[in-house]
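Peer 1: Below you will find the structure I want to go over with you.
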Amino acid sequence: MVFRKTAAISMSVVMCMLVMAGCSTSKEAGQAGTEKTATATSGSGGEVKALKDLKITRLYHGVMEQFKGSDTMNNNKIINKLRENSGFNIQYESLPNENPSQKTSIIFASGDVPDLIMVNGKSDYFKLAKQGALEPLDDLIAKQIPNLSTMASKESLDALRYEGKVYAIPYRNALKVGNGLIERADILKELNLNAPTTIDEFYSTMKTIKEKKNITPLTMATSSAGSFFDGFFPFSAAFGVSTPTVIKDGKLKFSWVQPEYKEFITTLKKWYDEGLLDPEFAVNKDSKDKLINGTAVFNTLYFSSGIDVDKALQEKKNGGSVQFIAPPVGKNGQSGIQDASISTQYVVIPKQAKNKLGAAQYLNFLYKPETDMLINYGIKGEDYTEANGVYTQTKEQSDKISWRSMYGLGDTDFGIDARLKAKSLLPYYEPQLKFKKSREETNFAPSIEAYDTKFTELRNYVEENSMKFIMGKRDLSEFDKFTQEFDAKGGKTAIDALNEWFTKK
């Protein structure tokens, strides 16, 4: 899980687009008001026809800045092929990069809504559902979107129910790996050391490295909000406190106020005091250089950063190499890495949309394997080759249409594999798929105001004090006082509200 509760983790990956004005008058627009032949039966028994024109508004993504030449969001070979294959005159628009939630509110208030729109985060979605601004999707899913089963599990859909109905489709994030524990494999080999597999082995390995190389073995970059938890995730998982909440006695409890969390912080303090943990971990903005320069051996990095470190080491021509390793196991057999696959954006059909049926049918079209191939590889013979079921695409071919993935409304394992393969990232991604991933129960909770509105403040408070404990700026004898302060800041109210949901689900 991307640990940051705000629409973040990292990775991880916010999809949107710039507002394109005047599309209906340009050569990119089709004939307005024409109808598609597909029909459905309305509740009163009459036929409802899907209109040909379909307007889609998405969240911004950086790839939208990568169009070249005459290509634009609504005029290029990929979107033209999508129009041809679907039979819909699709037009894409984008929410702004900054504060998309505000723009979303303005769109819904105006009444001039698209047929499909992505919303940024669970709070925005449930707010719109409570306002009655969204079309219920249960019937449309059952009758018009059979391919959704490949994109959304029953659990992920049930987590979005409001008063018993589903009003959104989670934007599937097919990436399963985020941050991982990486090592300078060549230095360990030089010292005849194996990759440590337990917390105790990790400590003894670092001690040996410190003694023989006179370097600080473990570095980290935790200067930005939330990065402390992302960075130390592989270690907190060994103590069973890597996620915001844990289950004890049938109830959810904040992991940050548990005895196991104190044990985790005590361990990091020991490493810090003994010179095994980088003394600059709390102010580092980037710690890759220390790994590259050989002044550190272990680090926690996003999987795609592995190739950057490898390339830098190859340029040095000193035989340096890195690899991602399994997270260390704690005394109770606990371990884990972040689950990066949790959806944090949602696709909805506004209640006032003109083409609800068309929106559902287009979603079903997008979720077809043939469409997935187009979105992730492009056009056969131009953007990739295929022989005996093996698809080949060079990095240059992939980069020429790097914007192609913006047209999907959900990602697939096939698509992630294609893009990572083209960028030579699979060797840094695939080895980590076998590692256990920690589950955070609140990812499957509805929007709970007492928790959602206080989460960032509580996380930042814990992060700040955790670093103080580690660096000796606050004595660990005050841990009980810290937990009392946490509850007073809204921790108790937040967890009580969560358990109103959890104990009844």
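Peer 1: Under 7 Å between Cβ atoms, which residue pairs at least 6 apart in sequence (or on different chains) link something in region 390-404 that is outside any loop (DSSP other than H, G, I, E, B) with a partner that is at pLDDT 90 or above and open to solvent by 70 Å² or more (accessible area, probe 1.4 Å)?
Peer 2: Thr392/Thr385; Ser402/Gln66; Trp403/Gln66
Peer 1: Quick check: anything in region 485-503 within 21 Å of the chain's Cα centre (by Cα), open to solvent by 80 Å² or more (accessible area, probe 1.4 Å) and not β-branched (Val, Ile, Thr)?
Peer 2: no
Peer 1: Answer yes or no as to whether Glu183 is surrounded by fewer than 20 Cβ atoms within 10 Å (Cβ to Cβ) and farther than 24 Å from Ser86 by Cβ.
Peer 2: In short, no.
Peer 1: Name the single residue that is nearest to Gly226 (Cα to Cα) among those in region 458-495 being assigned to a helix (DSSP H, G or I) and of a type in the set (Asp, Glu).
Peer 2: Applying the filter and picking the extreme gives Glu463.
Peer 1: Output the residues belonging to region 232-248 that are more than 19 Å from the chain's Cα centre (by Cα), under 21 Å from Glu464 (Cβ atoms) and in contact (Cβ under 8 Å) with a residue 40 or more places away in the chain.
Peer 2: Answer for region 232-248, where residues must be more than 19 Å from the chain's Cα centre (by Cα), under 21 Å from Glu464 (Cβ atoms) and in contact (Cβ under 8 Å) with a residue 40 or more places away in the chain: Phe235, Phe239.
Peer 1: Turning to a different aspect of this structure: Identify all residues within region 141-166 that are open to solvent by 30 Å² or more (accessible area, probe 1.4 Å) and under 19 Å from Leu357 (Cβ atoms); write none if there are none.
Peer 2: Ile141, Ala142, Lys143, Gln144, Pro146, Asn147, Lys165
Peer 1: Then there is this: Out of Pro96, Pro114, report the one residue that is in contact with a Ser or Thr (Cβ under 6 Å, 6 or more places away or on another chain) and farther than 24 Å from Asn443 by Cβ.
Peer 2: Among Pro96, Pro114, only Pro114 is in contact with a Ser or Thr (Cβ under 6 Å, 6 or more places away or on another chain) and farther than 24 Å from Asn443 by Cβ.
Peer 1: Restricting attention to region 360-406, which residues are farther than 20 Å from Ile78 by Cβ and either of a type in the set (S, T, N, Q) or surrounded by 19 or more Cβ atoms within 10 Å (Cβ to Cβ) (or both)?
Peer 2: Passing the criteria: Ala360, Asn388.
Peer 1: Still on this structure, I have one more. Is it the case that Gln314 is touching a residue at least 24 places away in the same chain (Cβ under 8 Å), more than 21 Å from the chain's Cα centre (by Cα) and open to solvent by 20 Å² or more (accessible area, probe 1.4 Å)?
Peer 2: no
Peer 1: To continue, here is another question. Of the residues that sit in region 375-389 and are polar (S, T, N, Q) and without any contact (Cβ under 8 Å) to a residue 12 or more places away in the chain, which one is nearest to Ala422 (Cα to Cα)?
Peer 2: Thr385
Peer 1: May I ask you to list the residues in region 322-340 that are over 14 Å from Ser236 (Cα atoms) and open to solvent by 40 Å² or more (accessible area, probe 1.4 Å)?
Peer 2: Hit for region 322-340 is Gln323, nothing else.
Peer 1: Let me ask something additional. When region 221-256 is examined, which residues are found to be open to solvent by 10 Å² or more (accessible area, probe 1.4 Å) and at positive phi?
Peer 2: Matches in region 221-256: Gly240, Asp249, Gly250.
Peer 1: Going by what's in this entry, would Lys421 be described as at pLDDT 95 or above, assigned to a helix (DSSP H, G or I) and open to solvent by 20 Å² or more (accessible area, probe 1.4 Å)?
Peer 2: No; evaluated as a whole, the condition is false for this residue.
Results for (1) at pLDDT below 95; (2) in contact with a helix residue (DSSP H, G or I) (Cβ under 8 Å, 6 or more places away or on another chain); (3) surrounded by fewer than 16 Cβ atoms within 10 Å (Cβ to Cβ), shown as yes or no for each residue.
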site	(1), (2), (3)
Lys27	yes, no, yes
Thr34	yes, no, yes
Ala40	yes, yes, no
Lys55	no, no, no
Gln66	yes, yes, yes
Asn74	no, yes, no
Ser86	no, yes, no
Gln91	no, yes, no
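Peer 1: Next up: Can you work out which of the residues in region 171-193 that are among the basic types (Lys, Arg) and modelled with pLDDT of 95 or more is farthest from Ser405 (Cα to Cα)?
Peer 2: The selected residue is Lys189.
Peer 1: Glu386 is checked against (1) in contact with a Ser or Thr (Cβ under 9 Å, 6 or more places away or on another chain); (2) in a helix (DSSP H, G or I); (3) acidic (Asp, Glu) and fails just one. What number does that condition carry?
Peer 2: (2)
Peer 1: All but one of (1) over 30 Å from Lys288 (Cβ atoms); (2) open to solvent by less than 10 Å² (accessible area, probe 1.4 Å) hold for Pro196; which doesn't?
Peer 2: (1)
Peer 1: If I filter region 304-312 for residues that are farther than 23 Å from Leu175 by Cβ, at pLDDT 95 or above and out of contact with any strand residue (DSSP E or B) (no Cβ under 7 Å at 6 or more places or on another chain), do I get at least one hit?
Peer 2: yes
Peer 1: Would region 434-442 turn up any residue that is crowded, with 19+ Cβ neighbours inside 10 Å and in a helix (DSSP H, G or I)?
Peer 2: yes
Peer 1: Given the criterion in contact (Cβ under 8 Å) with a residue 24 or more places away in the chain, out of contact with any Asp or Glu (no Cβ under 9 Å at 6 or more places or on another chain), open to solvent by 30 Å² or more (accessible area, probe 1.4 Å) and at positive phi, identify the matching residue among Gly132, Gly111.
Peer 2: Selected residue: Gly132, the only one of Gly132, Gly111 that is in contact (Cβ under 8 Å) with a residue 24 or more places away in the chain, out of contact with any Asp or Glu (no Cβ under 9 Å at 6 or more places or on another chain), open to solvent by 30 Å² or more (accessible area, probe 1.4 Å) and at positive phi.
Peer 1: Got a sec? Which helices (runs of 4 or more DSSP H) wholly within region 150-265 have at least 3 residues that are among the basic types (Lys, Arg)?
Peer 2: Per the criteria, 199-213.
The values are calculated or read from the model by the stated rules, or taken from the named source; none is laboratory data. Everything quoted here is computed from the prediction, not taken from an experiment. Positions of Cβ are backbone-derived with ideal geometry, glycine not excepted, and every protein chain shown enters the neighbour counts. Each accessible area value is taken on the protein alone, full model and side chains, heavy atoms only, with ligands, DNA and RNA left out. Shrake-Rupley method; radii C 1.70, N 1.55, O 1.52, S 1.80 Å.
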